[in-house]
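One structure below.
The values are calculated or read from the model by the stated rules, or taken from the named source; none is laboratory data. Remember, it's a predicted structure, so these values are computed and weren't measured experimentally. Cβ placement follows ideal geometry from the backbone for every residue including glycine, while neighbour counts extend to all protein chains displayed. Accessible surface is based on the protein model in full, side chains and every heavy atom, while ligands, DNA and RNA are left aside. Shrake-Rupley method; radii C 1.70, N 1.55, O 1.52, S 1.80 Å.
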Amino acid sequence: MIRIATPDDVPVIHALVRELAEYEKVPDEARATPEQLHEALFGPRPAAFAHIAEDDTTGETVGFSLWFLNFSTWRGVHGIYLEDLYVRPAARGGGHGKALLTELARICVERGYQRLEWSVLDWNRPSIGFYESLGARPQDEWTVYRLTDEALEKLGGRG
């Protein structure tokens, strides 16, 4: 079952983010606190949204998606950027990942959004195969750039 996250889900979302960071081999980079997640998802100006995947039999949370709106100047409409999609290893293969992506695609279609985008690590062959089986295609002509930490501070005038 897929449902919209509630404030009561913040502790499990935080735990799933930590598990995802472990899976991606960068546990020290997941620095978000439960308070920050609560503010981003449920504060006065929510900037992100989340869905929870629950086991149909036990009701246990087995995965989540966390996303936000982006905008295409070329298409003139919003889209969804999927920041995180994670299903616990014991629940993989049960359709939870597909159900989470299906829900986001449904939201896109319902609202007239024309893109559902995300990034995947190039070594994560199981996920790449899964995404391609759904019809997703890599955008190989684009390279992601990121400013963080000292470089961001320096460019932003504090370094």
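Rolling a 1.4 angstrom probe over the protein heavy atoms with all chains in place gives the chain an accessible area of 67 Å² per residue.
Leu121 to Ala47: FRET efficiency via 1/(1 + (r/R0)^6), r the Cβ-Cβ distance, R0 35 Å, to the nearest 0.05? Once the sixth-power term is evaluated, E becomes 0.90. Give me the net charge of Val109's neighbourhood, meaning all other residues with Cβ under 14 Å from the Cβ of Val109; Lys, Arg count +1, Asp, Glu -1. Within the 14 Å Cβ shell, the charges total +1. Around the Cα centre of segment 1-128, unit charges on the Cβ atoms of Lys, Arg, Asp and Glu (plus for the first two, minus for the last two) sum to a dipole of about 520 debye. Note on Ala151 and Arg3: with the Förster distance fixed at 25 Å, the Cβ-Cβ geometry gives a FRET efficiency of about 0.05.
If you take all other residues with their beta carbon under 12 Å from the beta carbon of Leu82, and give Lys and Arg +1 and Asp and Glu -1, the sum is -3. Take the Cβ atoms of Ala90 and Glu39, set R0 to 30 Å, and the FRET efficiency comes out at 0.50. When segment 44-159 is described by a simple charge dipole with +1 on each Lys and Arg Cβ and -1 on each Asp and Glu Cβ, the residue from Phe130, Asn70, Leu101 located farthest towards its positive end is Asn70.
Expressed as a whole percent, the accessible surface of segment 41-159 that belongs to carbon and sulfur atoms is 52, based on a 1.4 Å probe. Please identify the trypsin sites (Lys or Arg not before Pro) of segment 8-46 that satisfy two criteria: DSSP loop assignment and at most 10 other Cβ atoms within 10 Å. Which are they? Within segment 8-46, the qualifying trypsin sites (Lys or Arg not before Pro) (loop, at most 10 other Cβ atoms within 10 Å) are Lys25, Arg31. Once you've got the GNM for the chain with C-alpha springs shorter than 10 Å, pick whichever of Glu141, Glu83, Glu132 has the biggest mean-square fluctuation. Fluctuation is largest for Glu141.
Which loop chymotrypsin sites (Phe, Trp or Tyr not before Pro) in segment 40-141, with loop taken from DSSP, have no more than 10 other Cβ atoms within 10 angstrom of their Cβ? For chymotrypsin sites (Phe, Trp or Tyr not before Pro) across segment 40-141 that sit outside H, G, I, E and B with at most 10 neighbouring Cβ atoms in 10 Å, the list reads Trp74, Trp123.
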